[in-house]
Amino acid sequence: MLPIIYSVFPKEYKRFIEVFGGSGAVLLGHDPVDFEVYNDVDGELVNCFRVIRNRPAEFLLDLGMLPLNSREEFNEWLRFQTLGCPLDIHVKSQEKIIDHLLQKEWAQALKEAMRKRTDYPEVRRAANYLKRVRNSYSSSGRSFACQPFDIRTLFDQIWEMSFRLGNVIIEQQSFEVLIPHYDRPESFFYADPPYYNSEYVYEAEFDWEHHVMLRDTLAQCKGKWLVSQVDCPEIRTLFKDFEILDFKRIHPMVQKHTPGKQFNELLIGNYDLLERERDVPLQMSLNELLGEPINVNQILKERVTCKKRK
């Protein structure tokens, strides 16, 4: 969806605020502006982003020293996360190897450095979170996916991500608090909330009242905003007073069982969603040469929704 989403962003804004940040895909693929905010209510996710931004070297060290490729290791990380149990897996075996390979003074220094990592609980939490998500079914973090994966293949991306997040404000706020706080005439909010009738996928509570509250909060904005949602009568009615762009995309979660199945999507905003496309000249058509009316908005919409990822 990213090419479509970017193509309907406003032409001008000075503040970009991602309200339901999630994986950060929209922010990270977006050209940086002077003022950017990433927000999510998931404390583990927010901590992971902050550690990647502020302490990338320690984060990479923790990721690299304790690889995760078995169910036993996954369950150890899960116990650490849910029960706060000490995370000692591999540590004793690593200390034996250090004692065997290094001179006494060097071995002692390296073992002390390993133990000091326990003084960085937020770093270890972030490493635990990333490993559990990457090695679990559907990124749920709850069950081992039984798929081998070398976490070190992500190291370059993590380092680049740290630099990309360098000037980004990272928040953990509910949307009704965050939006008014950062609202300015030059602000642009992108909101990708839990989709209607799919809220059960998320741990955070989000029911119909929250959908209504989000609509009401955005309706008061001085700045511009864009919302992604499922295409259904309830959402269309809720946002009937605003601009709506509908399109279909491939449904990635069901392709194994129903190849080619599509998902009906909406992009909703409080500004002209086709304003970027209006600046691009239209191709002359035979209908126009014959003096017949043409539906410019339909042409622009088709041009937007046919965009593909480069």
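We did not get these values from a lab; they are worked out from the coordinates using the rules stated. If you're wondering where the values come from, they're calculated on a predicted model, not measured in any experiment. We place every Cβ from the backbone using ideal geometry, glycine too, and count neighbours over all the protein chains shown.
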Per-residue Cβ neighbour rank within 10 angstrom, fewest leading, Lys224, Lys248: Lys248, Lys224
Going through the cross-link list Lys14/Lys307; Lys14/Lys240; Lys248/Lys301; Lys11/Lys222; Lys222/Lys301, which pairs have a Cα-Cα distance over 20 Å in this structure? Lys14/Lys307; Lys14/Lys240; Lys222/Lys301
When Ser187, Ser23, Ser198 are ranked with the fewest other C-beta atoms within 10 Å first, the list becomes Ser198, Ser23, Ser187
Expected sort for Asp34, Asp246 with the fewest Cβ neighbours (10 Å cutoff) up front is Asp34, Asp246
Rounded to whole Hz and in sequence order, give me ³J(HN,Hα) for region 12-27 from the Karplus expression 6.51 cos²θ - 1.76 cosθ + 1.60, θ = phi - 60°, writing x for Gly and Pro. 9, 6, 10, 10, 10, 10, 8, 6, 10, x, x, 6, x, 4, 5, 5
Subtracting the Cα-Cα distance of Lys307 and Ser23 from 0.36 nm times their residue separation yields 100.0 nm
